[in-house]
1. Ignoring ligands, DNA and RNA, please state the percent of accessible area on the chain from carbon and sulfur, probe 1.4 Å.
2. Mean separation of Cα pairs under 8 Å and 6+ residues apart, divided by the residue count of the chain: what relative contact order is that in percent?
3. Accessible area per residue for segment 1-66 in Å², computed with a 1.4 Å probe and the full protein assembly in place, what is it?
4. Taking amide H positions as placed in the peptide plane 1.01 Å from N, state which residues far from residue 101 in sequence (5 or more) or on other chains have amide H under 5 Å from it.
5. Nearest 500 deg cm²/dmol is fine: what mean residue ellipticity at 222 nm does the chain get from its DSSP H runs of n ≥ 4 alone, each adding -39,500 (n - 2.57), divided by its residue count?
6. Quick one: putting +1 on the C-beta of Lys and Arg, -1 on the C-beta of Asp and Glu, what dipole do you get for segment 3-61 around its Cα centre, in Debye to the nearest 20?
7. Calculate, for residue 123 and residue 36, the FRET efficiency according to 1/(1 + (r/R0)^6) with r their C-beta to C-beta distance and R0 41 Å; round to the nearest 0.05.
8. Given points 7 Å out from each Cα along the Cα-Cβ axis, report the residue 95 to residue 56 separation in nanometres with one decimal.
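The values are calculated or read from the model by the stated rules, or taken from the named source; none is laboratory data. Bear in mind that the values here come from a model prediction, so they are computed numbers and not experimental data. Counting neighbours? That spans all protein chains shown, and the Cβs are built from the backbone with ideal geometry, glycine included. Quick note on the areas: whole protein, heavy atoms, side chains included, nothing else; ligands and nucleic acids left out. Shrake-Rupley method; radii C 1.70, N 1.55, O 1.52, S 1.80 Å.
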Amino acid sequence: MGNLGYYQIMTTTAKKVGGPIKLFGLVLGTGALLGSGIHAGVSNIKKKVSSELEKKKKIEQAAVVHTVNTEGRSKEGLHFKVGDKFKVLDADGDAGLIEIIGDNNSPYFVSLRFLSAISNYNMI
């Protein structure tokens, strides 16, 4: 290869593709394509990992059993007695899907603020 090294490779390649400007354009375009492909792949992986972590968190939360400390009736008409036990299956804002242990008509939608006021459930 002689003492020219990479300069000789660059000039030979530039001559094959039609000049240094075309070589620069090819290198720039290839870099842009690779960069956007890598970015899309990393974003996709991040979304999948985030989704799996969220599912795991919901499963862990659904396993926790909460106990009613104060008798009360929700706006939805659901009556809670002291000692009732429930699980929060899912939550979205102030609305929560709960399962009352021992109630065959479960699940119910209830205000999470209401549950926080009458039980040991802590709204996050």
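1. The C+S portion of the solvent-accessible surface of the chain is 61 percent.
2. Relative CO of the chain lands at 16 percent.
3. 86
4. 85, 86, 87
5. Calculated mean residue ellipticity at 222 nm is -17500 deg cm²/dmol.
6. With Lys and Arg at +1 and Asp and Glu at -1, about 160 debye.
7. Efficiency at R0 = 41 Å is approximately 0.50.
8. With each label point 7 Å from Cα toward Cβ, the separation is 2.9 nm.
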